[in-house]
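Report on one structure; see the data block that follows.
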């Protein structure tokens, strides 16, 4: 159990276009999902916390108008990179916490999305 | 915010030897400390975790120790095998802060056959 999927796994887009990445919890409901960015040979950096039915909370330095997050249901959160630029090229990973657990110790990670902006 | 430091950045060990990775954290309110293994291009996989009310936890060849007073925790892998080669990340979170994970910089472990 506790499977999180992401789609697409890889995407190449042109500079100036927008890209949407989906994160789904397949066998559990997630009140909270997290979005991370990971540059090559670097650590995971938290971008934002996504709570179902409410606005996302962004970490310092992350532009909320550039990285749009929607968590419309208990099984789906989306990250849209708007007006993408080459410096946005990265590995984007989501994670999810089960709903109703009361606590969220273990986060289940998605397989990641490799974004390349040309 | 929470700052997690991890050492060493790279670690090369002979197969069968032990590997130790150390992390320190800054926020004394942190109460959950997971360790993740990540292979190239893959998702992080939880390998072991420890909560602040416990000082040590072991799962077969993997163990984690926590010293709350000193604010540091360590991962110990015994009898290393080539398949243990990967990047390992420590992390810390605070239950009162949405359980947001702060990650260490990672340790690239190479097990030589």
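The values are calculated or read from the model by the stated rules, or taken from the named source; none is laboratory data. This structure is a prediction, so every number in the text was calculated from the model and none was measured. All Cβ positions, even for glycine, are placed from backbone atoms using ideal geometry, and neighbour counts span all protein chains on display.
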Q: Output the residues belonging to the range A:60-74 that are surrounded by 17 or more Cβ atoms within 10 Å (Cβ to Cβ), within 20 Å of residue A:31 (Cβ to Cβ) and without any contact (Cβ under 8 Å) to a residue 40 or more places away in the chain.
A: A:69, A:71
Q) For the range A:39-85, what are the residues that are assigned to a loop (DSSP other than H, G, I, E, B), farther than 18 Å from residue A:104 by Cα, at pLDDT 90 or above and more than 12 Å from chain B (Cβ to nearest Cβ)? A) A:62, A:63, A:64, A:65, A:66, A:82, A:83, A:84, A:85
Q) Out of B:54, B:20, B:13, which single residue is modelled with pLDDT under 95 and more than 12 Å from chain A (Cβ to nearest Cβ)? A) B:54
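Filter the range A:8-27 down to the residues that are surrounded by 14 or more Cβ atoms within 10 Å (Cβ to Cβ) and either farther than 23 Å from residue A:55 by Cβ or in contact with a helix residue (DSSP H, G or I) (Cβ under 6 Å, 6 or more places away or on another chain) (or both) and list them by number. Let's see the steps before the verdict.
Start the filter on the range A:8-27 by keeping residues that are surrounded by 14 or more Cβ atoms within 10 Å (Cβ to Cβ), which leaves A:11, A:13, A:19-25.
Result: A:11, A:13.
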Q.
Just checking, does the range A:15-29 include any residue being in a strand (DSSP E or B), within 13 Å of another protein chain (Cβ to nearest Cβ), over 29 Å from residue B:7 (Cα atoms) and modelled with pLDDT of 95 or more?
A. yes
Q) Can you find a residue in the range A:87-108 that is surrounded by 19 or more Cβ atoms within 10 Å (Cβ to Cβ), away from every other protein chain (no Cβ under 12 Å), on the phi < 0 side of the Ramachandran plot and at pLDDT below 95? A) no
Q.
Exactly one of these conditions fails for residue A:114: (1) at pLDDT below 95; (2) in a strand (DSSP E or B); (3) within 8 Å of chain B (Cβ to nearest Cβ). Give me its number.
A. (1)
Q: Would you check which residues across the range A:11-57 are more than 11 Å from the chain's Cα centre (by Cα) and within 14 Å of residue A:81 (Cα to Cα) and list them?
A: A:11, A:12, A:13, A:14, A:15, A:16, A:17, A:18, A:19
